[in-house]
Amino acid sequence: MKQIIPFACTLLILAACSSSRHNSSSLTLMSYNVGALCKYNEDSAPEVAYVIKSCGADMVGLCELDSCTLRSAWVNQIEEIEGLLGRRWEGVFGSAMPFGGGKYGVGVVSRLPILNSFLVPLPRFDGSEPRACL
């Protein structure tokens, strides 16, 4: 938990410092709960990619992703979204728990190079599923 607080503060500072005009020194961050890409229709990956592109985000945190699960027809969803966004984008997945023969968790896609990433398991309460921050 101690590691999350500085990270969250950094994100808040970056968000507060960004101006409404997009210039070469700004960074647009976005968070998107994609609902395992099947919450509202069979495969919403193209819609998710469209929303990310139309918002002009540089880096997007994605919640509720599957990686090679039965539910997602064995698709690695972070790679699918990365491919739909185009070659300038790269992504990373972080597993919160095993699920459906694969993994379930969070991810990040970015126009900028991802130099490093790490997964922080979040505290659990009785009866809750595992959560993580990437």
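The values are calculated or read from the model by the stated rules, or taken from the named source; none is laboratory data. Only a predicted model underlies this, so the values are computations on that prediction, with no experimental measurement involved. Note that we place each Cβ from the backbone using ideal geometry, even for glycine, and neighbour counts take in every protein chain shown.
Remarks
- Any chance Glu42 is at negative phi, outside any strand (DSSP E or B) and modelled with pLDDT of 90 or more: no
- Where a residue in region 109-123 is touching a residue at least 24 places away in the same chain (Cβ under 8 Å) and more than 8 Å from Glu90 (Cα to Cα) and its partner, wherever it lies, is aliphatic (A, V, I, L, M) and surrounded by fewer than 10 Cβ atoms within 10 Å (Cβ to Cβ), with Cβ under 9 Å and at least six apart: Val120/Met1; Leu122/Met1; Pro123/Met1
- Some residue of region 120-131 being hydroxyl-bearing (Ser, Thr, Tyr) and more than 15 Å from the chain's Cα centre (by Cα): yes
- Those residues of region 70-97 which are among the hydroxyl-bearing types (Ser, Thr, Tyr) and within 16 Å of Ser44 (Cα to Cα), in sequence order: Ser72
- Candidate set from region 30-51 (those that are within 19 Å of Pro113 (Cα to Cα) and under 11 Å from the mean Cα position of the chain (by Cα)); member that is surrounded by the fewest Cβ atoms within 10 Å (Cβ to Cβ): Ser31
- Members of region 81-119 found to be aromatic (Phe, Trp, Tyr) and within 14 Å of the chain's Cα centre (by Cα), listed by number: Trp89, Phe93, Tyr104, Phe118
- Complete set of residues in region 64-80 that are surrounded by 21 or more Cβ atoms within 10 Å (Cβ to Cβ) and either touching a residue at least 40 places away in the same chain (Cβ under 8 Å) or at positive phi (or both): Leu65, Gln77
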